[in-house]
Amino acid sequence: MSEKCDICFRGCTLEEGRNGYCKVRTIKDGKNVSRSYGLISSAALDPIEKKPLALFEPGSYILSVGSYGCNLSCPFCQNHEISQNDLYSSCERVSAQELVRQALRLKAYDNIGIAFTYNEPLINYEFIRDTFELCKEHDLKTVLITSGAVNDCVLDEVLPLTDAWNIDLKSFTEKGYKDLKGDLESVKNCIVRASRVSHVEITTLVVPGRNDSAKEMEEEAKWIASINPDIPLHITRYFPRWKEKEEPTDIDKLKELEEIAKKYLNHVFLGNI
Ligand code: SF4
């Protein structure tokens, strides 16, 4: 029996024992489940500014954990080792309870909570929901770093439990997202919905020749300002990674885009420079 996955715009057809594009969703006992539930590929106590979150609990640290898999395959992915490979057999398995206990132990080192990051967390939303529910019982902050390319059914589950988001806005044109085989409308919907109830910051990695035009930044900044001009925007510098071989983004270009964004937004930061 096959079933269309409703987690993201791709709508993969899933079958018992056969994985979707993200390598995470599959059908088990007739149900769409996450293979990466409780699987951790990496964990670190990171400064909150590294997420990046500039205006959420500045100066603090957060237990940051990643699993594997992604519903996108951006050629410049900085974490392609974990986002693009099926690490089902090599991850460490933890329960939500164990993760929260570890976060509580790390309070002694200024830890404020748990961030799901490094790979795309929302394709494994059940583990996030279960972990964040426990975080709420223990006064721990909850953070998501995501590409935001998921459907409303996922947002409905995690929005009420998430204190802060950093959402990638990888391009502000349909073509830019099409080239990445992504979906701009899903990402815009995620930003709009999350910013109604949580702290939201946005990151745009500027890749030469893909999304570095002044016009595109002008439209992006205007759109963000139409939601809330206080939403922080991180304009970050690209370096060659994985399949993308372009030279790093020119710093003067980043500064030009920063000036454009500042015409509309109150908090604009340059990153990776
Ligand atoms: S979450 Fe994974 S399986 Fe489901 S539609 Fe998206 S890529 Fe396909």
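FYI, it's all coordinate maths here, none of it is from the lab. All figures in this text were calculated on a predicted structure; none of them were measured in a lab. Don't worry about glycine lacking a Cβ; one is built from the backbone with ideal geometry, like all the others, and counts go over all protein chains shown.
Using only the Cα atoms of the range 36-271, what semi-axes does the equivalent ellipsoid have when each is the square root of 5 times a gyration tensor eigenvalue? Give whole Å, largest first.
Values: eigenvalues 161, 79, 55 Å².
Equivalent-ellipsoid dimensions as semi-axes: 28, 20, 17 Å.
For the range 137-163 versus the range 1-30, the spacing of their alpha-carbon centroids is 21 Å.
Looking at the chain, what % of its DSSP beta bridges pair antiparallel, to the nearest 5?
On the way: 17 of 44 bridges.
Rounded to the nearest five, the antiparallel share is 40 percent.
Shown here for the range 11-77: GluC sites (Glu not before Pro) in loop regions (DSSP other than H, G, I, E, B) with at most 12 other Cβ atoms within 10 Å, of which there are none.
Dipole size in debye (nearest 20) for the range 36-271 around its Cα centre, Lys and Arg Cβ +1, Asp and Glu Cβ -1?
Dipole size: approximately 120 debye.
Available extension along the chain between Glu15 and Leu45 is 7.0 nm, counting 0.36 nm per residue and deducting the alpha carbon span.
Pairs of Lys residues in the range 1-123, spaced 8 or more positions apart or belonging to different chains, with C-alpha separations under 17 angstrom: 4 in total.
Between the amide H of Arg25 and those of Gly20, Arg35, distances stay under 5 Å, these residues lying 5 or more places away or on another chain, with hydrogens modeled in the peptide plane.
Across the chain, Cα pairs under 8 Å and at least six residues apart give a relative contact order of 15 percent.
Applied to the range 218-232, the Karplus parametrisation 6.51 cos²θ - 1.76 cosθ + 1.60 on θ = phi - 60° returns per-residue 3J(HN,Hα) values of 4, 5, 5, 5, 4, 5, 4, 4, 5, 7, 5, x, 8, 5, x Hz, with x for Gly and Pro. Each label point is 7 Å from the Cα along the Cα-to-Cβ direction; what then is the distance between the points at Gln102 and Tyr88, in nm? Using points 7 Å along Cα→Cβ, the separation is 2.2 nm. Ellipticity at 222 nm from helices only: DSSP H runs of n ≥ 4 in the chain, each -39500 (n - 2.57), divided by the residue count, give -8500 deg cm²/dmol.
Report the extension gain between Lys136 and Ser213 in nm, rounded to one decimal, defined as 0.36 nm multiplied by the number of residues separating them, less their alpha carbon distance. Please list the in-between numbers first.
Numbers: separation 77, 0.36 × 77 = 27.72 nm, distance 4.18 nm.
Full extension of this stretch gives 23.5 nm more.
Note on Glu256 and Ser226: the extension gain reaches 8.7 nm, defined as 0.36 nm multiplied by sequence separation minus the Cα-Cα distance. Taking the Cα centre of the range 141-246 as reference, the dipole from Cβ charges on Lys and Arg (+1) and Asp and Glu (-1) amounts to some 320 debye.
Only one residue of Leu254, Leu72, Gly113 has its Cα farthest out toward the positive end of the dipole of the range 36-271, where Lys and Arg carry +1 and Asp and Glu -1 on Cβ, and that residue is Leu254.
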